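Just so it is clear, none of the values below were taken in a lab; they were calculated from the coordinates. A quick note: this is a predicted structure, and the numbers were derived from the prediction, not measured. In this analysis, Cβ positions are derived from the backbone assuming ideal geometry, glycine residues included, and neighbour counts consider all displayed protein chains.
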Amino acid sequence: MKNPGRTILPRLTMLAALATSGPAAAEILVRNQAEYFEAAKRARPGDTIVLANGVWNDFEIVLDAKGTAERPITLTAQEKGGVIVTGRSNLRLAGKHLVVRGLVFRHGSSPTREVIAFRRQKDNLAHHSRVTEVVIDRFNHPKRYETDFWVVMYGKHNRFDHNHLEGKTNAGVTLAVRLNSKSSTENHHRIDHNYFGPRPILGSNGGETLRIGTSRYSLEDSNTLVENNYFDRCNGELEIISNKSGGNVFRGNVFFESRGTLTLRHGDGNRVEKNVFWGNGADHTGGIRVINRRQTVRDNYLSRLTGHRFGAALVVMNGVPNSPLNRYQRVEDSLIENNTVIDGHRIELAAGSDEERTAVPRATKFRNNLIVNSAERDSIAVHDDIDGIAFESNLLDGVSTAPAETGFRSASIELERAENGLLYPRDRSLDGVGVSRNFPVLDREQTGVSWYPKAGRGSELDRRKTRVVQPGDHSLAATVERSDPGDVLWLEPGEHRVSTIVEIDRPITIAGRPNASKPRILFERGTLFELAAGGQLKLVGIEILGGEAPDASGNAVIRASGSSVSGNYRLIVNDVSVANLDTNHSFDFFRASPGTFAERVEIAGSEFRNITGHVLALDRETEDLGRYNGESIAISDSSFRDIAKTIASIYRGGTDESTFGPRFSFRRSKVSRVGLGRRNESEASIRIWGVQKAEIHANEFADSRPIRVVHTAGEPRTVLGDNLFVNTPEPTIVERAAASNGRPQAVRP
Ligand code: CA
């Protein structure tokens, strides 16, 4: 539709004349939102609208215009990286032949469900349009479980390339392709050369980095090409990529230390080829999960992936007979060939077999795959009848049991690293097995943009300068407030009194001096430290006493607050003495609020006594939606005496199978008179509900309540060994995971 205002503006009439007669196109520099919207309204094919360098706050950008293939309409930044879009902002594109380039979205969130949408509204989509060299960095809704999407592609023939997306912490897919109308199916989008930077663990379904389609439209073809993208520690959930449509190609992508798998969840006729998965032994790293018909998984390289079950290196699922769209179609007419799996913890065949998932794979070929373990291991698991998989010419080394009598040969294979960085058999007569030679491996620097730094490595604790804190009334709180991320605060011996709640929203270490007496912290509010998003708190060699806390129930030394924004935090407690948390009842050492998430909580070499609440309470996600408060909780070499409630109370309810945690370990610790308080409803010294993996080893319990474990969804495992229970009942483990139809019913405590 023509813009009715256009013809009455002389300047534009002139421009229009120029546009038809020659290449002259306008480059319009705009300095504020009013100027932008005016320019966007008048935009003609070939025009470039340039946002002036600076911060653009609360800017809901709409570019609704029609360029041509030769003369697109471009929106760009005065300098790449010079335009920062912040606050409540987003971008909507509609029309055709549009290009957006070089913007940075940071320090804000979208007021709508999308940050970048290839549509203006439901019926006004973008086609033949491109978003390139755009950065979205931690542009998160503050509420963790409020769902939004960073990029949603609608329409047809759109391209999303060379963008940098990093640090999504609230629920919702990072990049989604929608097929929800005729004008968005068979869309032939291209998604290439993007840098998908670290996405932290969400602790719930809805943490996918890329999703194409939804179960409802999964019988439609999308024909999207996903090529040469770098997935760097994309750890949101079980599915790094959730493919839910047909006809897509995933080629040449690199998955670096990313938890989860590329999952062919719904839709037929997809191809996965020449992708490289570097697990490097990181937890829960996986490869490719196959479901549905006519899937091709070819020439993929999978190295040192530790995942198992649905998160393994290669997974061929069982289906559901006459499956509804949102469950599992049978694997059929599919091909898995010439893949190399090196030191993969698991390959799972007929995975998920249970009373509901009984449709075994059919008419599927598994051939010319190379599977090598450096130490002999039983790495191929068979969960049901696999007669429907034809095995042929697969080569094994270090695999103790082949899954079938024919189609596998075992040999001792010497590997050498080729120029592309991948391992191949030295014996060239084996070239037809495993991935092809001259296989191009994408480099991280070929993706995203060169002018915005990619994510670094390692912990940010203990990295910066040290600050000395003298004993006294206010110096600790004041020093934390002016600290930089990574600083170490050395507390001199003596009494440190804190009269405010100290917020920890960055990595901070608070430590006593080695070989000196432990500094003592006393605090006067109901909370000493409050952890916020991005906070990492490490306490080393100090003493914390609760005697000056208010005479009120429900105090906590450390709290992860529900009012903080959506990011994850860490807590590390080492060689710390905690006592006299008993000014009133239910005084916890650590308490997590709903909507907060600990990536790790670690206690080592510490001592806890006289506490009327819990030591660690991570049990407030009680809606049974598969959410939980912490991924990895580890306690070792510590002692616990006279604790009225539990040492750890961890809860994850519901039947969802999208996550890996929580994990819990408890080792080499001494427990005495724990759990006996009359307000301890769990009647346990340690209570873990819905934990996926628990190890409780080499501890001594005396005069305490028992350990109580409830297994719910997934394949939970609890390993108990070398524990001594004196005047303490044996642990109880209740199984709720294997209920009827594979749909266990979790029961609220
Ligand atoms: Ca999912």
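Summary table
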{"quantity": "Unsatisfied cross-links (Cα-Cα over 26 Å) in the set LYS80/LYS122; LYS66/LYS274; LYS41/LYS244; LYS244/LYS693; LYS41/LYS80", "calculated": "LYS80/LYS122; LYS66/LYS274; LYS41/LYS244; LYS244/LYS693"}
{"quantity": "Computed over segment 153-452, Kirkwood Rh from alpha-carbon pairs, angstrom", "calculated": "19.0"}
{"quantity": "Principal axis box of segment 85-213, alpha-carbon based, largest edge first, Å", "calculated": "34, 29, 26"}
{"quantity": "Share of pairwise Cα separations in segment 513-655, more than 26 Å, in percent", "calculated": "19"}
{"quantity": "MRE, 222 nm, helices only [DSSP H, n ≥ 4, -39500 (n - 2.57), over the chain, to nearest 500]", "calculated": "-1000 deg cm²/dmol"}
{"quantity": "Descending semi-axes in Å of segment 368-458, equivalent ellipsoid built from Cα gyration tensor", "calculated": "33, 18, 14"}
{"quantity": "Given charges at beta-carbon only (K, R positive; D, E negative), |dipole| of the chain in Debye", "calculated": "2060"}
{"quantity": "Long-range amide H partners of ARG627 with built H, under 5 Å", "calculated": "GLY653"}
{"quantity": "Alpha-carbon centroids, segment 146-217 and segment 519-571: separation in whole Å", "calculated": "37"}
{"quantity": "Estimated vicinal HN-Hα couplings, Hz - segment 542-558 in sequence order (Karplus 6.51, -1.76, 1.60; Gly, Pro = x)", "calculated": "10, 10, 10, 10, x, x, 9, 5, x, 7, 9, 6, x, 5, 8, 4, 10"}
{"quantity": "Potential extension, ASP473-GLU38 segment - 0.36 nm per residue separation minus Cα distance", "calculated": "150.8 nm"}
{"quantity": "Farthest positive-ward along the chain dipole, Cα basis, beta-carbon charges - from ALA552, VAL540, TRP150", "calculated": "TRP150"}
{"quantity": "Point-charge dipole on Cβ atoms (K/R +1, D/E -1) for segment 153-452, about Cα centre, debye to 20", "calculated": "860"}
{"quantity": "Using alpha carbons only: equivalent-ellipsoid semi-axes of segment 466-747, gyration tensor based, whole Å", "calculated": "32, 21, 16"}
{"quantity": "Farthest positive-ward along segment 153-452 dipole, Cα basis, beta-carbon charges - from PRO403, GLY311, TYR424", "calculated": "GLY311"}
{"quantity": "Alpha-carbon spread of the chain, three principal axes, descending order, Å", "calculated": "90, 70, 47"}
{"quantity": "Positive dipole terminus of segment 76-204, leading residue within HIS107, ASN163, GLY87 (C-beta point charges)", "calculated": "GLY87"}
